[in-house]
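Below is one structure, written out as structure tokens; comments come after it.
The values are calculated or read from the model by the stated rules, or taken from the named source; none is laboratory data. Predicted, not measured: the structure shown is a model, and the values here were computed from it. No Cβ is skipped: glycine too gets one built from the backbone with ideal geometry, and neighbour counts run over all protein chains shown.
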Amino acid sequence: MKTILPFVLLLAACSGAEQRFLIDPPAEQGAVRLGVSSLEVRDVSLPLYADASEILLEGEDGALTQIDNALWADDPGRAVTLAISEQIGRRSSAAVAPEPWPLEEDAQAAVAVTVSQLVGRSNGTLQLTGQYAISSYDRIVRERIQRFDISVPMTSATPQGVAQATGAAISELSGQITTALSR
């Protein structure tokens with residue numbers, strides 16, 4: 001048994017075990033007063049390739065390929081939804097939660113985010129594009145659909161670089177939504 005254990009540990013070290021990375025936007029704080037006191041963040045819609053567990057990068061030929069042994073730590077759609085909800089909640093005075101809305105009284109407004117592209121580009125940037133829709137059940141805030149096109153530099157073409165840039169892009173999107181709701 002004593003000779004088998006070091007061999008097993010050596011195999012585990014050399015096997016190229018999968019690494020998992022968080023979508024973790026930088027912590028934002030603020031006290032922006034929103035036009036609503038409660039906001040529901042609907043499940044974010046991601047394109048199929050961005051909703052997969054593999055971390056992808058665009059090659060020079062435009063093909064998206066998986067970074068070896070690199071996976072997202074959580075379901076990307078869930079992680080992005082939670083990150084947007086937490087970012088808006090930290091930046092504002094509103095009670096913010098992802099769907100399903102956890103309180104008995106309905107939220108005064110909801111935001112639905114549809115992402116058309118979330119990709120680490122071959123030029124060293126991460127691109128996040130799509131639209132968000134703000135709906136207000138009792139017309140407390142003006143309903144609208146707003147497009148976004150966010151480009152964030154990646155520090156490197158590594159899983160860490162993609163994860164960090166994804167977090168920064170989500171933080172920027174959350175800031176745009178917060179600003180739209182403060183008007």
In the stretch 76-131, the residues that are assigned to a strand (DSSP E or B) and within 11 Å of the chain's Cα centre (by Cα): Val113, Val115, Leu118, Leu128
Residues located in the stretch 23-32, provided they are part of a loop (DSSP other than H, G, I, E, B) and in contact with a strand residue (DSSP E or B) (Cβ under 8 Å, 6 or more places away or on another chain): Ile23, Gly30, Ala31
So, in the stretch 128-157, of the ones that are at pLDDT 95 or above and among the hydroxyl-bearing types (Ser, Thr, Tyr), which residue ends up farthest from Trp72 (Cα to Cα)? Ser135
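Okay, residues lined up against (1) more than 14 Å from Ile23 (Cα to Cα); (2) acidic (Asp, Glu); (3) touching a residue at least 12 places away in the same chain (Cβ under 8 Å); (4) touching a strand residue (DSSP E or B) at 6+ places or on another chain (Cβ under 9 Å):
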site: Glu54; (1), (2), (3), (4): no, yes, yes, yes
site: Ala70; (1), (2), (3), (4): no, no, yes, yes
site: Ile88; (1), (2), (3), (4): yes, no, yes, yes
site: Val111; (1), (2), (3), (4): yes, no, yes, yes
site: Thr114; (1), (2), (3), (4): yes, no, yes, yes
site: Gly130; (1), (2), (3), (4): yes, no, yes, yes
site: Ile140; (1), (2), (3), (4): yes, no, yes, yes
site: Arg144; (1), (2), (3), (4): yes, no, yes, yes
site: Pro153; (1), (2), (3), (4): yes, no, yes, yes
Subset of the stretch 98-128, residues hydrophobic (A, V, I, L, M, F, W, C), more than 20 Å from Ala165 (Cβ to Cβ) and buried (at least 18 other Cβ atoms within 10 Å of the Cβ), comes to Ala107, Ala109, Ala110, Val111
Condition check: among the aliphatic types (A, V, I, L, M), touching a Ser or Thr at 6+ places or on another chain (Cβ under 6 Å) and modelled with pLDDT of 95 or more. Does Ile55 satisfy that? no
Can you tell me which residue among Thr158, Thr166, Thr81 is in contact (Cβ under 8 Å) with a residue 12 or more places away in the chain, within 27 Å of Ala17 (Cβ to Cβ), buried (at least 20 other Cβ atoms within 10 Å of the Cβ) and of a type outside the set (Phe, Trp, Tyr)? Thr166
